[in-house]
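Reading through the structure tokens given below for one structure.
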Amino acid sequence: GRHLEYLRSQAANPSTENERLIWKTLYGSTPLASLVSGTIESIETISVNDVKKYWRTIAPSETRLIITGQHQLKTGDVEEAFRLFVPPKNIQPRGYQTGRILGRGENNIYIVNFDDAPQTVVTLARPYMKADDQDVSKARLLNAAFSGLFSSRLNLNLREDKHWTYGTSSYFYRMPVKGPMMVTAQIQSDKVKPALIEIAKEMKRMQEEPLTEAELKLAKSDVIVGLRKAGASISSLGGQHATLFQRNLSDDYIEEEIRRLDKISVTDLNELAKDAYDLKQFKVFLAGDKKRLSQEVTEVLFKELIDLSMQSAGE
């Protein structure tokens, strides 16, 4: 039905197909390898009995009831509402079975073919850090300064200076296991190779040139405003607490995180930047016209990028 139509439409979307390949490549032997939307093949095979069987695995031990807004509910009311919510027998709470998370392999450039595509979705990705990692606060700020803001280093280079893209972005998934960091942009197809070279240069620059006080101030402002905005409405507040629960974080995590962010200095970020933007830890994913890409984007290029990343950013 409707979800199958959605999946068919997404199959023609280079960004979605690129993301699907990224998760499959980085988390190949784990449940994380598949997008939650599923595939056309997997959805078509689901039966009513499959849905009923899955429904029976949902238990109070895995569930939190979150109520936001004005209400007159008492604890007893909630307990009564859940009285008939009996845990199924012989079902253990589901945990993350992480399996083997892939590191750098022999093949570091992957291409999803879209014939005659005028642009190429370029993404560099790596497994990065867990949601409860002690350096998450610092990573948020590095991410914003590198490619998470309009005024970020990579966006100023590829969009404002080179005019090869409408914009760049970078983000990392905060999960109970090491979630991926992704750096991505839609690039003119004839500029993919020079764009990758510029990305490598900017990564090396992040390792060698500390953020300025102005860059750090902008990054802090953006991240803190985003955290506060995420809980600004009744519905978003509920979603925010659901996310905290899923990541096994405390209910006062947001305010604690804002205080941590406010205390971070430029010096605090230097060591983390050296690891975060180590190009050897990344794989390159491209969604575009393979005929045009394969002529210039090969494993040789990746080796060139690694060599480049080992040089001084100022050379």
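Every number here is computed from the coordinates shown, using simple stated rules; none is lab data. Predicted model, so just to flag it, every value in this text is computed and none were measured. Every residue, glycine among them, receives a Cβ derived from its backbone with ideal geometry; neighbour counts consider all protein chains shown.
Here are the numbers for the structure shown:
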{"read-out": "Cα-Cα over 19 Å, subset of Lys201/Lys263; Lys191/Lys274; Lys138/Lys201; Lys24/Lys178; Lys162/Lys193", "value": "Lys201/Lys263; Lys191/Lys274; Lys138/Lys201"}
{"read-out": "Whole-Hz couplings from phi, Karplus 6.51/-1.76/1.60, listed for region 227-242; x for Gly and Pro", "value": "5, 6, 5, 4, x, 7, 10, 4, 5, 5, 5, x, x, 5, 5, 5"}
{"read-out": "At R0 = 22 Å, FRET efficiency that the Cβ-Cβ distance of Asn113 and Thr39 yields, to 0.05", "value": "0.80"}
{"read-out": "Sequence of Ile109, Ile46, Ile199 once ranked by neighbouring C-beta atoms within 10 Å, starting from the fewest", "value": "Ile46, Ile109, Ile199"}
{"read-out": "Distance (nanometres) between label positions extended 7 Å along Cα→Cβ at Glu213 and Asp251", "value": "4.0 nm"}
{"read-out": "Packing-based order for 234-241, 37-44, using average beta carbon neighbours within 10 Å, highest first", "value": "234-241, 37-44"}
{"read-out": "Residues listed by number, region 178-197, amide nitrogen under 12 Å from Lys130 label point at 7 Å toward C-beta", "value": "178-179"}
